[in-house]
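Everything on this sheet refers to the single structure shown next.
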Amino acid sequence: MNKKIEAQINAPAGTTYIMQGNAAFALGVIHAGYHAATGYAGTPSTEVIDRTLAHAQDMMKVGWSVNEAVAVSTAVGHAIAGEDVLVTMKIPGVFQAADAITTSAFFSGKSGALVIYAATDYVPSSTQHVIDSRYFFASSRLPILEPRTHQEMYDIPRIAADMSRGNNTPVIVLASGILCHSEALIRTKNSRKVSPKDLPDTLHDWMLLPSIARQNYNKATQERIPTIQKWAETSELITESNGADDWGIIVCGNTEGIVREALNGLNLNPSILSLGITNPIPKERIKQFADKVSGNIYIIEDGDRFLEEKIRLLGLDVIGKEDQSILTIWTPEDVVEYFTKHLALAPSPKIQLPNLEPLPRPPSICPGCSYKAFALSVARLKRQKKIYASFGDIGCSTLLFFNNALDTVSCMGASDPMRQGFVLSRPDMAHKVISVIGDSTECHSGMDGTRNAIFRNIPGVKVILDNYSTAMTGQQPAPSSKENLAGQPIQFNLHKAIESEGGRTVVVDAYNVKEVDKALKEALKLAKEKVYTTLILEGECIHNIETSKLARDLEFDYDNCKNCDLCNICPGIITDDEKTPSFTSMCSNCASNNQVCLQRCPFDAITTIEENGKQKNNIPLIEIPRFTKPLEIDKSKLPDSLKIAIRGIGGQGNLFFGKVLTEVAMKTPYSGTHIIKGDTLGMAQLGGSVISTFSCGNVFSSNLAPHSADVLVVMEQSEVLRPGFLELLKPGGTIILNEFSAIPINAKKEDYPEIKSIHKVLDGYKIININAHQIALDMNDISGISTNVIIIGLLSMIDPFSKIPSEIWQSSILELSPNELIKSMNLSAYFRGRELFQNKKVTV
């Protein structure tokens, strides 16, 4: 077992941790005594199993299922056997598993607890719709719990399990993606052990003939839901605060923190009724609250108008969203605007950026991704009019849309069935369309499409991009992987399984540019002859490769370079105005496979570093200090709160930056208050625009209110222009501008904002300019991985963060650095950042 997680599991009650919401929930599952967990990886739910439960194999049965429907039915089997079980998924997975969920809702047998954890994504960041699933769950007569804080994420597994067992029902925990992926302080409680229920004499209570299903539906409607509603009236999931103002707000789930963060800046003090359960609603508590409020009552909820509609049915005149509102997830800024309008408050000034906007920055496949050669081939064939369209699927392959290698995306497993329908309607185009799917998605639901093509004798080309994992969500094992979650060898063979369906199957090394192109052209040619081909391109996800293989061993031989721009194919390479190329810190060396840029260069202008006797990194090691005693800090000298927002692009180290800040705060008096960190995860992190936030002290949400941040950090210079970012800075706050540019995929260099124009926009702000990337290179860090730590060093010198002693910053960095080499590199970078400020070598 992972030592860190083992310590968390065995921690005595009252121990405090900074934990991601998903990890807090998972720890709560363990401490609540669950016996089993399964699910399908889907952002933002994945880390419940992946980050914590996967490391508790000796305490409970944990494993991924091939899809959500299978996971729910597997969980039902656990519950029938008397065990308390958890199922995890994101909202599209709920609908993939809809039949299994609605059927399990009306079983009548006594069983172990069945808890379904469904993570919402109302932005959306990593899914394709923003459906409010509460309507679906409520019509299935299932209770819905919505955690409001990270502490409640930890507490609620125990509540849900007790509710499930006590009321003979599956229980839905509907968790906001904001809580799932942000981090905050939690305090543990005593763990418990739960004995599995005895087996019944027969399993007839799990028979749902139509007549039995009707009876069970009636019972769930007339007995189950009223019983839970009565419980909810006095539950800890309902809290109320009486304010000085004559109006009130009813909130649920994550919106409580959002609302309080906004009200904190507006100096408003209404009464607030906060619900951690939204089906059934506590009718009497709501009526009592309404009787005490003389003014208007407003409903603030994510999703659609589910809660508002439920409360209106009680005969209460409440105010919710505007008619035809498209607001599905609230931010503090939205709350400020909402109450500014409804309460006729003075509006906050808006920051205008005339004639200068940031370029769209879509996510992209990772530098060195095994999909690159395929993407180049498809894009070329489309330009040549040899491919009309590429039907896509869910996963990393979706990002090929931005490489002009994909045209459509629907739900999991839909790519080839969509292609099949198109070919049935346009049989003369079977050789001009392809479908694309990842290996884990093929195993999830794509194989049905493969079988359908054979069943209906539909010719064409299906491409499976096989990277041996569920890569988009964090490289979880799939049936196509080498080992399952328990470390056991997987006997399933994707190649043989596809081959057994009956079509032509071809396997190619995904990094071999010529072979990929050749195999695709041959398959298209045969499609014209009524042949159905499945082309499997094999290349392991670079995130599963050992770090040493990701260190760049290539450099440019500029004597041979003809500035042809053929190598400019991924974020690992940039070119200047004369098309002279250079490597960036994002180069992953194609995981030491046959590098695609090397294959593309016709002039031998890319050579290996070893050939010229150079080394990969040459940062001198420094002595690592040892900190044994905690430093005493005068709490009175610290501000009421610290807040910072960091903008950049995926891969620049925002996550590490935030981790350092939380470790620092935990070593100060802020550890007795509230500490919250938020990050962009999912598709957006893959080369797209990302934002991280950190706050501690008198704070409520990972989403910062306007004009509240002490410092804004800009890791990529144009990202400072993103709408709403500058509005976060409080008057007199500081902006750290890292003068590093990364042209978005498919963007033209001439359209990218010039640094002079950016400086002009920021005229009047307190700016500290730094080129941390170049400084890292000057330190012989050719990978540039220490860029973010240089800026951390700089930040530690800026008020109010400078009030925290340097020793605390150092010890926090060292604790998060995995080995002596990285410790030395990071500490050197930290000192360099401080030195630059002290010696006034940064522009202020």
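The values are calculated or read from the model by the stated rules, or taken from the named source; none is laboratory data. Quantities reported herein were computed from a predicted structural model and do not represent experimental measurements. Here Cβ is always computed from backbone atoms with ideal geometry, including for glycine, and neighbour counts include all displayed protein chains. Just so you know, the surface numbers come from the protein's heavy atoms only, side chains and all, with ligands and any DNA or RNA stripped out. Shrake-Rupley method; radii C 1.70, N 1.55, O 1.52, S 1.80 Å.
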In the range 586-631, anything open to solvent by less than 40 Å² (accessible area, probe 1.4 Å) and modelled with pLDDT under 75 is listed as Ile619
Given (1) open to solvent by less than 20 Å² (accessible area, probe 1.4 Å); (2) assigned to a strand (DSSP E or B); (3) not hydroxyl-bearing (Ser, Thr, Tyr), where does Lys730 come up short, assuming only one miss? (1)
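Results for (1) among the β-branched types (Val, Ile, Thr); (2) modelled with pLDDT of 95 or more; (3) part of a helix (DSSP H, G or I); (4) over 33 Å from the mean Cα position of the chain (by Cα), shown as yes or no for each residue.
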{"residue": "Asp198", "(1), (2), (3), (4)": "no, no, no, yes"}
{"residue": "Asp201", "(1), (2), (3), (4)": "no, no, no, yes"}
{"residue": "Gln215", "(1), (2), (3), (4)": "no, yes, yes, yes"}
{"residue": "Asn218", "(1), (2), (3), (4)": "no, yes, yes, yes"}
{"residue": "Thr239", "(1), (2), (3), (4)": "yes, yes, no, no"}
{"residue": "Ile250", "(1), (2), (3), (4)": "yes, yes, no, no"}
When you scan the range 1-102 for strands (runs of 3 or more DSSP E) that lie fully inside it, which ones turn up with 2 or more residues that are crowded, with 24+ Cβ neighbours inside 10 Å, modelled with pLDDT of 95 or more and among the small types (Gly, Ala, Ser)? 36-39
How many residues are touching a Gly at 6+ places or on another chain (Cβ under 9 Å) and within 24 Å of Lys386 (Cβ to Cβ) when one looks only at the range 430-457? 11
Test: Pro157 is in contact (Cβ under 8 Å) with a residue 12 or more places away in the chain and in a helix (DSSP H, G or I): yes
Pick from Glu256, Glu233, Glu261, Glu240: which is in contact (Cβ under 8 Å) with a residue 40 or more places away in the chain, surrounded by fewer than 22 Cβ atoms within 10 Å (Cβ to Cβ), more than 30 Å from Gly109 (Cβ to Cβ) and not polar (S, T, N, Q)? Glu240
Just to be sure before I move on: is Asn168 surrounded by 12 or more Cβ atoms within 10 Å (Cβ to Cβ) and under 28 Å from Gly77 (Cα atoms) in the structure I sent? yes
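I'd like the full set of residues that are open to solvent by 30 Å² or more (accessible area, probe 1.4 Å) and assigned to a loop (DSSP other than H, G, I, E, B), limited to the range 570-585.
Cys570, Pro571, Asp576, Asp577, Glu578, Lys579, Thr580, Ser585
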Of all residues making up the range 131-165, the number that are open to solvent by 10 Å² or more (accessible area, probe 1.4 Å) and of a type in the set (Val, Ile, Thr): 3
Tally, over the range 785-800, of residues that are open to solvent by 10 Å² or more (accessible area, probe 1.4 Å) and of a type outside the set (Val, Ile, Thr): 3
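Specify which of the listed residues (Lys803, Lys766, Lys823) is buried (at least 16 other Cβ atoms within 10 Å of the Cβ), of a type in the set (Lys, Arg) and in contact (Cβ under 8 Å) with a residue 12 or more places away in the chain.
That would be Lys823, the only listed residue that is buried (at least 16 other Cβ atoms within 10 Å of the Cβ), of a type in the set (Lys, Arg) and in contact (Cβ under 8 Å) with a residue 12 or more places away in the chain.
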Would a scan of the range 314-330 turn up a residue that is farther than 25 Å from Gln595 by Cα, among the basic types (Lys, Arg) and open to solvent by less than 30 Å² (accessible area, probe 1.4 Å)? yes
Test: Ala709 is farther than 21 Å from Pro571 by Cβ, modelled with pLDDT of 90 or more, of a type in the set (Gly, Ala, Ser) and in contact with a helix residue (DSSP H, G or I) (Cβ under 7 Å, 6 or more places away or on another chain): yes
Which one of Gly413, Gly421, Gly438 is at positive phi and either open to solvent by 20 Å² or more (accessible area, probe 1.4 Å) or modelled with pLDDT of 95 or more (or both)? Gly413
Failed item in (1) assigned to a loop (DSSP other than H, G, I, E, B); (2) in contact with a Phe, Trp or Tyr (Cβ under 9 Å, 6 or more places away or on another chain); (3) farther than 30 Å from Asn269 by Cα, with Leu399 passing the rest: (1)
By residue number, the members of the range 745-773 that are in contact with a Phe, Trp or Tyr (Cβ under 8 Å, 6 or more places away or on another chain) and either part of a loop (DSSP other than H, G, I, E, B) or at pLDDT below 90 (or both) are Ile745, Asn746, Asn771, His773
Residues of the range 696-727 being under 21 Å from Val660 (Cα atoms), open to solvent by 10 Å² or more (accessible area, probe 1.4 Å), part of a loop (DSSP other than H, G, I, E, B) and of a type outside the set (Ser, Thr, Tyr), in sequence order, are Asn698, Phe700, Asn703, Leu704
Qualifying position, being touching a Leu at 6+ places or on another chain (Cβ under 8 Å) and without any contact (Cβ under 8 Å) to a residue 40 or more places away in the chain, among Gly697, Gly733: Gly733
Quick check on Tyr511: is it at positive phi and aromatic (Phe, Trp, Tyr)? no
Collect the residues in the range 113-130 that are surrounded by 22 or more Cβ atoms within 10 Å (Cβ to Cβ), in a loop (DSSP other than H, G, I, E, B) and among the β-branched types (Val, Ile, Thr), keeping them in residue-number order. Thr120, Thr127
With the requirement that a residue be over 21 Å from Gln420 (Cα atoms) and more than 20 Å from the chain's Cα centre (by Cα), what does the range 390-403 give you? Asn403
When the residues of the range 367-389 are filtered to those that are open to solvent by 30 Å² or more (accessible area, probe 1.4 Å) and either closer than 30 Å to Val714 by Cβ or of a type outside the set (Lys, Arg) (or both), which remaining residue is farthest from the chain's Cα centre (by Cα)? Gln384
Go through the range 637-679 and give me each residue that's small (Gly, Ala, Ser) and in a helix (DSSP H, G or I). Gly658, Ala665, Ser671, Gly672
Assuming Met59 fulfils every condition listed in (1) at negative phi; (2) touching a Lys or Arg at 6+ places or on another chain (Cβ under 8 Å) apart from one, which condition is it? (2)
Would you tally the residues in the range 727-774 being among the aliphatic types (A, V, I, L, M) and under 24 Å from Asn839 (Cβ atoms)? 9
Matching residues in the range 252-291 (of a type in the set (D, E, K, R) and more than 27 Å from the chain's Cα centre (by Cα)) number 5
Say whether the condition of being of a type in the set (Gly, Ala, Ser), surrounded by 24 or more Cβ atoms within 10 Å (Cβ to Cβ) and part of a strand (DSSP E or B) is met by at least one residue in the range 103-112. no
Could you please let me know if Leu359 is farther than 26 Å from Thr46 by Cα, under 23 Å from the mean Cα position of the chain (by Cα), open to solvent by 20 Å² or more (accessible area, probe 1.4 Å) and not aromatic (Phe, Trp, Tyr)? yes
